[in-house]
Structures are given as structure tokens and as C-alpha cells.
Amino acid sequence: MNIQLVTVDIGGTHARFALAEIAADGAITLGEPITLHTHDHASFQTAWEHFAQLQGGKLPAAVAIAIAGPVGGEMIRFTNNPWVIRPALIPEKLGAARYTVVNDFGAVGHAVARAGAEFFVHLAGPDQPLPAIGTLSVLGPGTGMGVAHVWRDGTGGYRVQATEGGHVDYAPIDSIEDAILARLRQRYRRVSAERVVSGPGLVDIYEALAGMEGRAIQQVDDRTLWGLGTSGADSLAAAAVDRFCLALGSFAGDIALAQGASGVVIAGGLGLRIKDTLIKSGFANRFTAKGRFEGLMAALPVKLITHPQPGLFGAAAAFAKEHLQ
């Protein structure tokens with residue numbers, strides 16, 4: 001018997017909703033997603049009711065929710081929006097008798113485990129499918145840096161572990177990155193990797209490079225900088241994007257070493273937007289530049305997941321794993 005459910009992916013700015021269907025064999029079909037702005041709704045429940053209205057007033061009695069933040073405890077608070085979710089009240093407030101709540105990058109891990117080969121693009125290492133057994137390191141730059149890992153048993157079974165790996169210490173490896181770190185230390189007592197390898201981190205990279213050249217620092221937001229850098233319209237912004245790609249390669253390699261990975265997947269909306277830039281950049285060289293372990297790193301396939309809604313798809317996959325196995 002097929003299961004109908006609502007799948008939701010909630011961040012600080014947007015809440016994405018979609019209807020989904022899980023077939024008896026576990027196959028997942030995702031409906032057309034609808035994106036709502038969190039600041040337009042007083043609570044998750046009112047956003048849920050808005051989505052219900054858009055769907056004709058009635059929703060399935062099952063829901064999978066991916067949340068950008070820790071999901072343990074009786075109350076879930078968001079870092080960048082005022083919503084609060086109490087999982088125990090989901091059946092009463094939403095009319096969903098069955099539910100799954102998962103960290104957003106945990107949901108991405110489920111998407112990596114379940115998505116077909118057509119949703120992966122080769123970035124580095126041997127151009128071969130991701131291994132069906134062992135650990136896959138999953139990381140993605142966005143507003144922050146998400147990190148998870150997926151363990152697969154070779155027979156289709158898997159487990160996902162979301163982590164806070166983006167908050168490890170930033171590790172510069174040349175004089176330019178030393179300058180970036182020095183600039184960030186003026187603002188933060190401790191500089192984590194996500195201060196550099198995240199969307200907003202491009203601004204600090206850009207300003208550090210401008211300072212090295214004695215240029216007046218232009219106040220430009222990160223979205224504008226990404227556009228200027230990836231298009232080549234501004235040479236300093238392009239240099240900042242290239243430096244970002246190098247730092248991302250180094251960080252991805254560190255995570256793969258720490259997790260004992262047999263393959264690596266880059267995820268996140270930013271990763272997808274800069275796909276072509278990543279492929280042409282020094283990302284791959286930095287990924288393998290691990291001294292005595294260069295041979296090991298060069299043998300790891302590195303992919304980019306291109307699924308348009310990995311959070312929604314992954315949340316539905318997490319629901320299927322929890323309730324159907």
C-alpha cells in the first residue's frame with residue numbers, strides 16, 4: 001500500500017513543502033515543491049495551514065520535516081527564524097499521526113543514499129560510481145557548512161549520521177589563507193571552517209585579498225560577489241571565488257580523512273550553483289594534497305549531487321526508513 005505524506009524542508013529564510021508518495025517497494029515520488037518565506041508566517045503551523053489551503057484544504061496524515069538545526073529534545077528552536085516546533089504536538093496541531101523529524105543535512109544524507117546515479121556529477125578522483133559499501137562523506141556550503149556521513153552495507157541498507165563538522169577549526173595552508181585567518185580573528189575569538197567555506201565567507205575572503213593589495217574595501221554582499229566572481233566580471237571577486245574553491249577542496253579532504261570515507265559528495269545549493277567553477281578550479285588538487293596520504297585521496301571518487309530538492313526528497317526517505325523498515 002502506498003503512503004501519502006507531506007515533506008517539509010525548513011531553513012532560516014524559506015520553508016519548502018511538497019506532497020510525496022512512498023510506494024510499497026520504497027520508491028519515492030516527489031510532487032511539485034512550494035516555497036514559503038518564514039518571515040511571512042507567525043509559526044510553522046500557520047505556514048502548514050497556508051500550504052494546506054494551496055492544496056485544497058486537506059493534507060495527508062503523515063509528515064517528514066527536515067530542520068536546519070539540532071532536532072533533539074522536547075522543543076526545537078531555529079537559529080534564524082522565531083518558529084518553535086514541539087514534536088510531541090505534531091499529531092494534535094498538524095493532524096499527522098505519523099511523523100519524522102530530521103536534521104536538514106541528515107536529510108541530505110538520506111538523499112545521497114537513495115538518489116539515482118543520474119543525480120550525481122563527477123568532480124574529482126576516479127570517474128566511477130560511488131561505492132555501494134563503506135562511508136560516504138557528505139558536505140555542503142550554503143549559509144553555513146553542513147556535514148554528515150552515510151554508511152552503506154553493500155546490500156541497499158544504510159545509516160545516516162548528521163554532524164557539526166563545519167565547526168572544526170579553519171586550517172590555512174599558505175600565506176594567503178594565513179591573511180584570511182588573521183582578518184577573521186579580528187572579528188571572532190575562534191575561526192571555524194564554515195567562516196570561510198560558506199556563502200557569506202566569500203565576503204571575508206574578498207576583503208582579505210583587497211587588504212593584501214592595498215585596495216579600498218568595497219562593501220558588497222555575498223550574492224553580488226558570487227555573481228561577479230563566477231562571471232569573471234571582477235578579477236578580485238574571481239580570485240576570491242577561486243580561493244573559496246581551494247579552501248573547500250582542503251576542507252573536503254580533511255573531512256574524508258577524519259571519517260574514513262570511501263567516497264565524497266558535495267551538496268548544498270551553493271555547490272550546485274558553482275558546479276562549473278568547481279570543476280575548473282583547484283578544488284581537486286587541494287582535495288588530494290594530504291602529504292603521505294595523497295595516493296589514498298586520489299583514489300576517492302568525489303561527486304556533486306544535483307537533485308533539485310535533496311532536503312524534501314531526503315526527509316521523505318528518512319520517513320520511509322523510520323516507518324517502513
Counting only residues in region 133-162 that are in contact (Cβ under 8 Å) with a residue 40 or more places away in the chain and assigned to a loop (DSSP other than H, G, I, E, B), the one nearest to Gly116 (Cα to Cα) is identified as Gly142
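When you scan region 108-132, how many residues do you find that are in a helix (DSSP H, G or I) and either exposed (fewer than 13 other Cβ atoms within 10 Å of the Cβ) or of a type in the set (D, E, K, R) (or both)? Full working, then the answer.
Our first condition is that a residue be in a helix (DSSP H, G or I); within region 108-132, this holds for 108-114, 117-119.
Checking the rest, the ones that are also either exposed (fewer than 13 other Cβ atoms within 10 Å of the Cβ) or of a type in the set (D, E, K, R) (or both) come to 114, 117-118.
Final tally of qualifying residues: 3.
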In region 5-34, residues that are touching a strand residue (DSSP E or B) at 6+ places or on another chain (Cβ under 8 Å) and in contact (Cβ under 8 Å) with a residue 24 or more places away in the chain total 18
In region 149-170, anything under 25 Å from Leu324 (Cα atoms), at pLDDT 95 or above and among the aliphatic types (A, V, I, L, M) is listed as Val150, Val160
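Could you please find all residues in region 82-107 being in a helix (DSSP H, G or I) and either outside the structural domain of Ala15 (by TED's automatic domain parsing) or crowded, with 23+ Cβ neighbours inside 10 Å (or both)? So that I can check it myself, show each step before the final result.
Kept after step one, since they are in a helix (DSSP H, G or I), are these residues of region 82-107: 87-94, 104-107.
Asp104, Phe105, Gly106, Ala107 - these are the residues of region 82-107 that are in a helix (DSSP H, G or I) and either outside the structural domain of Ala15 (by TED's automatic domain parsing) or crowded, with 23+ Cβ neighbours inside 10 Å (or both).
Residues are listed down the side, and each one gets a yes or a no for (1) at pLDDT 95 or above; (2) assigned to a helix (DSSP H, G or I):
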{"site": "Ala208", "(1), (2)": "no, yes"}
{"site": "Arg215", "(1), (2)": "no, no"}
{"site": "Gln219", "(1), (2)": "no, no"}
{"site": "Thr224", "(1), (2)": "no, yes"}
{"site": "Ala239", "(1), (2)": "yes, yes"}
{"site": "Asp242", "(1), (2)": "yes, yes"}
{"site": "Cys245", "(1), (2)": "yes, yes"}
{"site": "Phe251", "(1), (2)": "yes, yes"}
{"site": "Asp254", "(1), (2)": "yes, yes"}
Per the filter on region 38-66, residues of a type in the set (A, V, I, L, M, F, W, C) and part of a helix (DSSP H, G or I) are Phe44, Ala47, Trp48, Phe51, Ala52, Leu54
Within region 268-308, of all residues that are among the small types (Gly, Ala, Ser) and touching a Leu at 6+ places or on another chain (Cβ under 9 Å), the one surrounded by the most Cβ atoms within 10 Å (Cβ to Cβ) is Gly268
Checked region 197-255 for anything hydrophobic (A, V, I, L, M, F, W, C) and within 17 Å of Ile266 (Cα to Cα); matches are Val197, Val241, Phe244, Cys245, Leu246, Ala247, Leu248, Phe251, Ala252, Ile255
So, first residue under 13 Å from Asp104 (Cβ atoms) and assigned to a helix (DSSP H, G or I) in region 302-319, second residue modelled with pLDDT of 95 or more and of a type in the set (Ser, Thr, Tyr), Cβ within less than 9 Å, six or more apart or across chains; the pairs are Gly311/Thr7; Leu312/Thr7; Phe313/Thr7; Gly314/Thr7; Ala315/Thr7; Ala315/Thr100; Ala318/Thr100
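Being in contact with a His (Cβ under 7 Å, 6 or more places away or on another chain) and either under 23 Å from Gly146 (Cβ atoms) or modelled with pLDDT under 95 (or both) is the filter here; which residues of region 42-69 pass it?
Selection gives Ala47 alone.
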Being within 15 Å of the chain's Cα centre (by Cα) and either at pLDDT 95 or above or under 16 Å from Glu322 (Cβ atoms) (or both) narrows Gly125, Gly106, Gly142 down to just Gly106
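The values are calculated or read from the model by the stated rules, or taken from the named source; none is laboratory data. Keep in mind that what you see is a predicted model, and the values were worked out from it rather than measured. Please note: Cβ atoms are built from the backbone with ideal geometry, for glycine as well, and neighbour counts cover all protein chains shown.
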